[in-house]
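Below: the structure, in structure tokens.
The values are calculated or read from the model by the stated rules, or taken from the named source; none is laboratory data. Note that this is a predicted model, so its numbers are computed, not measured. Quick reminder, even Gly has a Cβ in these numbers, built from the backbone with ideal geometry, and neighbours come from all protein chains shown.
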Amino acid sequence: MRTTLALITALVLATATAGARAHDASRHRQHQAAASAPSSVRVKLPDTVLTDQHGRAARFKSDFVADRLVLVNFVYTTCTTVCPVQSALFADLQQRLGDRAGREVVLLSVTVDPLRDTPMRLKEFSAQYGAGPGWSFLTGSKQAVDEVLTAFDVYTPNVADHPAVVLVGDPRSGEWTRLFGFPGSEQIMARLGQLQAARRGAPLATRH
């Protein structure tokens, strides 16, 4: 099963990335251009109530994030370009994390289209990528979702224009890195490793 999912993920990444890059000639261009230039940002996490793909309602900061390291991206279920690429990326990261997913690191995919993306639709969407424990797809009232999107500086009135971005952060230290475009799994895992090392007070080291 894991091998099959890995093959599917690789195929989605290859196919969808090509399509997304073609489609994004007029959209997301500035974000792709910045893909090789990650930036440090400050994020004040809201504690608004959101609902995951299983219908569980909980607070964003206190429950979905808690004291774990965080990977966040932004999707919507009718997207056929950027979102499949980013979801395939998160599927690969989930596999790389193994049993650390949900325990040390949480993956959060927040919809930018809460009016249409119900928990049921997110559950169907998440199943395509093998989302397991530790990877939550989040929706809620438009006001609640917009509060989260604004906190991460990704809100846009037109869902199709939302930026392709992944954020890697430690809510304990307040350190966040924003990666635009389509960052690689190795780059994201390396940043996670740095944040984990900082928590443990250990020398930074890249693990292969």
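I'd like the residue in the range 112-126 that is closer than 18 Å to residue 82 by Cα and hydrophobic (A, V, I, L, M, F, W, C) and, out of all such residues, is surrounded by the most Cβ atoms within 10 Å (Cβ to Cβ).
The qualifying residue surrounded by the most Cβ atoms within 10 Å (Cβ to Cβ) is 122.
With out of contact with any strand residue (DSSP E or B) (no Cβ under 6 Å at 6 or more places or on another chain), under 25 Å from residue 157 (Cα atoms) and not hydroxyl-bearing (Ser, Thr, Tyr) as the only criterion, which of 82, 49, 65, 75 stands out? Lay out the reasoning, then the answer.
Numbers: 49 fails: out of contact with any strand residue (DSSP E or B) (no Cβ under 6 Å at 6 or more places or on another chain); 65 fails: under 25 Å from residue 157 (Cα atoms); 75 fails: out of contact with any strand residue (DSSP E or B) (no Cβ under 6 Å at 6 or more places or on another chain).
Checking each option against the conditions leaves just 82.
If you check 24, 67, which single one turns out to be surrounded by fewer than 21 Cβ atoms within 10 Å (Cβ to Cβ) and either at pLDDT 95 or above or within 20 Å of residue 191 (Cβ to Cβ) (or both)? Before the answer, list the steps.
Working: 24 fails: either at pLDDT 95 or above or within 20 Å of residue 191 (Cβ to Cβ) (or both).
Going through 24, 67 in turn, just one is surrounded by fewer than 21 Cβ atoms within 10 Å (Cβ to Cβ) and either at pLDDT 95 or above or within 20 Å of residue 191 (Cβ to Cβ) (or both): 67.
Scanning for something part of a helix (DSSP H, G or I) and more than 16 Å from residue 58 (Cβ to Cβ), does the range 166-186 turn up at least one residue?
yes
Any residue in the range 104-115 that's hydroxyl-bearing (Ser, Thr, Tyr): show its pairings with residues that are assigned to a loop (DSSP other than H, G, I, E, B) at Cβ separation under 6 Å, as long as the two are six or more apart or on different chains.
Pairs that qualify, where the first residue is hydroxyl-bearing (Ser, Thr, Tyr) and the partner is assigned to a loop (DSSP other than H, G, I, E, B), are 111/76; 111/117.
Being under 15 Å from residue 85 (Cα atoms) and hydroxyl-bearing (Ser, Thr, Tyr) is the filter here; which residues of the range 127-179 pass it?
129
I'm checking my understanding of the structure. Among residues of the range 127-153 that are among the small types (Gly, Ala, Ser) and part of a loop (DSSP other than H, G, I, E, B), which one is farthest from residue 166 (Cα to Cα)?
So in the range 127-153, the residues among the small types (Gly, Ala, Ser) come out as 127, 130-132, 134, 136, 140-141, 144, 151.
Okay, now just the ones that are also part of a loop (DSSP other than H, G, I, E, B), so 130-132, 134, 140-141.
On the way: 130: 19, 131: 17, 132: 19, 134: 16, 140: 20, 141: 22 Å.
Ranking the candidates gives 141 first.
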